[in-house]
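The values are calculated or read from the model by the stated rules, or taken from the named source; none is laboratory data. Predicted, not measured: the structure shown is a model, and the values here were computed from it. Cβ atoms come from the backbone with ideal geometry, glycine included; neighbour counts cover every protein chain shown. With ligands, DNA and RNA removed, areas are computed over all heavy atoms of the protein, side chains included. Shrake-Rupley method; radii C 1.70, N 1.55, O 1.52, S 1.80 Å.
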Amino acid sequence: IKISAHSLKTQLNYMGVKEDLSHVFELEQMAAHPHKYGEIIEIVKNLISVCDRAFEELQTYLDGL
């Protein structure tokens with residue numbers, strides 16, 4: 001989780017999704033603490049929603065080309 005979160009920060013920044021970078025940083029930190037795994041689920045659900053919106057916006061842009 002920690003490695004994936006670290007990589008995701010770069011990808012989200014590249015896509016211009018900056019509002020959730022703090023959540024990714026939080027996820028990266030939480031991954032080192034097994035007692036916080038329950039909290040990770042909610043952050044991941046939020047990130048999935050953010051990524052879905054970003055992909056929809058990208059698809060809309062591409063459809064308009």
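Once the Cα atoms are used to define both axes, helix 2-15 deviates from the longest principal axis of the chain by about 20 degrees.
Taking the 1.4 Å solvent-accessible surface of the chain as the whole, the part contributed by carbon and sulfur is 58%.
Projected label points at residue 14 and residue 61, each 7 Å from Cα along the beta carbon direction, are separated by 1.3 nanometres.
Applying the criteria of a DSSP loop state and at most 10 other Cβ atoms within 10 Å to the GluC sites (Glu not before Pro) of the chain yields 19.
What aspartates and glutamates does residue 45 reach when the alpha-carbon gap must be under 20 Å and sequence neighbours fewer than 8 apart in one chain are set aside? Output for residue 45: 19, 20, 26, 28, 56, 57. Go ahead and estimate [θ] at 222 nm for the chain from helices alone: -39,500 (n - 2.57) per DSSP H run with n ≥ 4, summed, over the residue count, rounded to 500. That comes out to -26500 deg cm²/dmol.
Could you state the angle between the C-alpha long axis of helix 37-63 and the longest principal axis of the C-alpha atoms of the chain, as a value from 0 to 90 degrees rounded to the nearest 10? The helix 37-63 is inclined about 10 degrees to the chain.
Leaving out ligands and nucleic acids, note down the accessible area per residue over the chain with a 1.4 angstrom probe, in whole Å². Before the final figure, lay out each step's value.
On the way: 4820 Å² over 65 residues.
Accessible surface, normalised per residue, equals 74 Å².
Which angle between 0 and 90 degrees, to the nearest 10, do you get for helix 21-30 versus the longest principal axis of the chain when only C-alpha atoms count? Helix 21-30 sits roughly 30 degrees off the main axis of the chain.
From the coordinates of this entry, semi-axes √(5λ) of the Cα gyration tensor in Å is computed, and it appears in (i) 26, 11, 8; (ii) 31, 11, 9; (iii) 34, 10, 7 under the label (i).
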